[in-house]
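Here's the structure we're looking at; comments come further down.
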Amino acid sequence: MNTAHSHQHHHLHPHEHADSGDGRSRKLLFAFVLTVLMMVAEVIGGAWSGSLALLADAGHMMVDALALLLAVIGAWMATRPADARRSYGYGRMEVLVGFVNALSQFVLVGWIVYEAVNRLLHPGQILSGVMLVVAVVGLLVNALVLRTLHGHAHDDVNLAGASLHVLGDLLGSLAAVLAALAIRWFGWLWADPVLSLLVSLLILNSAWRLLRLSAHILLEGVPEGLDAAAVEASLRGADPAIRDIHHLHVWQLASGSRMATVHAELHEHADGTQALRAIKRLLLERFDIQHVTVQVDPGECPDRSERCAGHGHA
């Protein structure tokens, strides 16, 4: 190559990888609507029956309704083109909302724990019949939502995450059913606050996972399940023209949107175009890294100040 180094970008536009995007969006939207309707029903049923377990499960469903909404927004935002001010588009909005959402759930857990302890110390009347009906309906609705999402959960990050949230809802509804039966059959009023505490643990688990994931993405960490050292080693064997791979950084804008920058040092008189194509193809096909920026170094790496002769990983 005639230049000391060159940059090449590979942009994968939304329409290039929107395989069945409309179908996934419809599934997510349907799941979101059902979850919100059931959440409202549980809030009304919990207030009417006096059941904290129903209110706690409604809180858990609120977490997951927001997660489903984020998935819908993420699918929609991914179709919006980049503009002059946001050259990478709007995908990271999903992560920002998720981070705030996760923080708010810790407040919700604190309220549930406070109410549960108060009700253990001062039990109140609970209409177990109303509580049981609402809990059973919630169980059936969550089963329907989980079945709706399950078909594509194995190959879609958003749907897989949403399915995990709905599974938590299903367990929360089951806890409410058990609490209603315990109160109706045995008069165990303590079952309601105790199972509410169990539901709060589900909320805490979901919130912590969402907080950890969103913070990791905002810090531009290596995507979960991806080994940067393995990526670098694979790139060294991508094409005979490649002498060395260094200064590799891998991160993601949002869930499922992986990006990378890398320096490729080539042998003298090597075919740089062929090496670039090999790097892009390997990163896309083996590691699902969709946006790649490659700097080709025909000789020694010029960026001495950044110590790119070593191995840097984001």
Can you go through Ala230, Ala238 and tell me which one is aliphatic (A, V, I, L, M), at pLDDT 85 or above and on the phi < 0 side of the Ramachandran plot? Ala230
Flag if Val166 is crowded, with 20+ Cβ neighbours inside 10 Å, of a type in the set (Val, Ile, Thr), within 25 Å of the chain's Cα centre (by Cα) and at pLDDT 80 or above: no
For the range 192-223, give me each residue that is farther than 30 Å from Trp251 by Cα and without any contact (Cβ under 8 Å) to a residue 60 or more places away in the chain. Leu198, Leu201
Report the residue count in the range 119-155 for those that are part of a loop (DSSP other than H, G, I, E, B), modelled with pLDDT under 75 and in contact with a helix residue (DSSP H, G or I) (Cβ under 6 Å, 6 or more places away or on another chain). 2
Filtered residue count, the range 187-236, keeping only those that are under 13 Å from the mean Cα position of the chain (by Cα) and in a helix (DSSP H, G or I): 13
Considering only the range 197-218, state which residues are small (Gly, Ala, Ser) and buried (at least 19 other Cβ atoms within 10 Å of the Cβ). Ser200, Ser206, Ala207, Ser214
Only unsatisfied item for Ala264, checking (1) more than 29 Å from the chain's Cα centre (by Cα); (2) at pLDDT below 85; (3) among the hydrophobic types (A, V, I, L, M, F, W, C), is (2)
Listed by first then second residue, the pairs whose first member lies in the range 277-291 and is under 15 Å from Asp227 (Cα atoms) and crowded, with 17+ Cβ neighbours inside 10 Å, whose partner is among the charged types (D, E, K, R) and at pLDDT below 90, with beta carbons under 6 Å and at least 6 positions apart or on separate chains, are Ile289/Arg258
Yes or no: the range 289-311 includes at least one residue that is among the acidic types (Asp, Glu) and modelled with pLDDT of 80 or more. no
Note: among Ala241, Ala254, Ala176, just one is closer than 27 Å to Asn142 by Cβ, outside the structural domain of Asn118 (by TED's automatic domain parsing) and touching a Gly at 6+ places or on another chain (Cβ under 8 Å), namely Ala254
In the same structural domain as Val63 (by TED's automatic domain parsing) and farther than 30 Å from Val130 by Cβ - does that describe any residue in the range 192-209? yes
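The values are calculated or read from the model by the stated rules, or taken from the named source; none is laboratory data. Keep in mind the model is a prediction, meaning the values are calculated, not measured. Using ideal geometry, Cβ is built from the backbone for each residue, glycine included, and neighbour counts are taken over all protein chains shown.
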